[in-house]
Amino acid sequence: MKKCLIGLCLFLCTHVFALAGDVYPFEHPEQTKRFQQLTSELRCLVCQNQNIADSDSQVAADLRQVVFEKIRHGESNQQIKQYLVERFGDFVLFSPMLTSQTVLLWFAPALIIIIGLLLIVWQMRQRREVG
């Protein structure tokens with residue numbers, strides 16, 4: 001009897017945890033797709049490189065709710081991203097927009113590689129001239 005009671009409790013607990021997840025009832029399937037796309041493109045502000053779709057933090061849940069409400073009110077993806085960037089900065093986007101403030105972020109890796117290659121070529125020429 002104890003085993004049956006424990007089994008029943010475990011069975012009921014799994015249903016409670018399954019129902020505890022976020023539910024976002026959209027009117028149209030394309031809204032659901034937009035929601036999934038946007039939440040995968042937005043960074044959780046408290047997690048280490050995790051999007052708000054996968055994060056379990058309360059901040060991510062709040063951001064998912066904001067995205068949900070804005071999609072239901074008919075705002076575009078760009079408007080939603082712009083709202084979040086104005087509130088939290090470019091950090092909230094996994095791929096920040098190219099602006100005067102983020103140009104270094106986008107082109108610094110290529111610039112560092114080019115400078116490194118130029119230094120290697122310069123050093124090789126210096127060794128040839130000396131030797």
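Structure above, values below:
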| quantity | calculated |
| --- | --- |
| Tally of residues being in a loop (DSSP other than H, G, I, E, B) and either of a type in the set (Phe, Trp, Tyr) or crowded, with 17+ Cβ neighbours inside 10 Å (or both) across region 18-73 | 7 |
| Some residue of region 108-130 being without any contact (Cβ under 8 Å) to a residue 24 or more places away in the chain, farther than 19 Å from GLU41 by Cβ and in a loop (DSSP other than H, G, I, E, B) | no |
| In region 74-124, the residues that are loosely packed, with under 12 Cβ neighbours inside 10 Å, of a type in the set (Gly, Ala, Ser) and either under 22 Å from the mean Cα position of the chain (by Cα) or at pLDDT below 90 (or both) | GLY74, SER76, SER95, SER100, ALA108 |
| Residue list for region 74-93, restricted to those being touching a strand residue (DSSP E or B) at 6+ places or on another chain (Cβ under 7 Å) and either in a strand (DSSP E or B) or on the phi > 0 side of the Ramachandran plot (or both) | LEU93 |
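The values are calculated or read from the model by the stated rules, or taken from the named source; none is laboratory data. All values reported here derive from a predicted model rather than from experimental measurement. We place every Cβ from the backbone using ideal geometry, glycine too, and count neighbours over all the protein chains shown.
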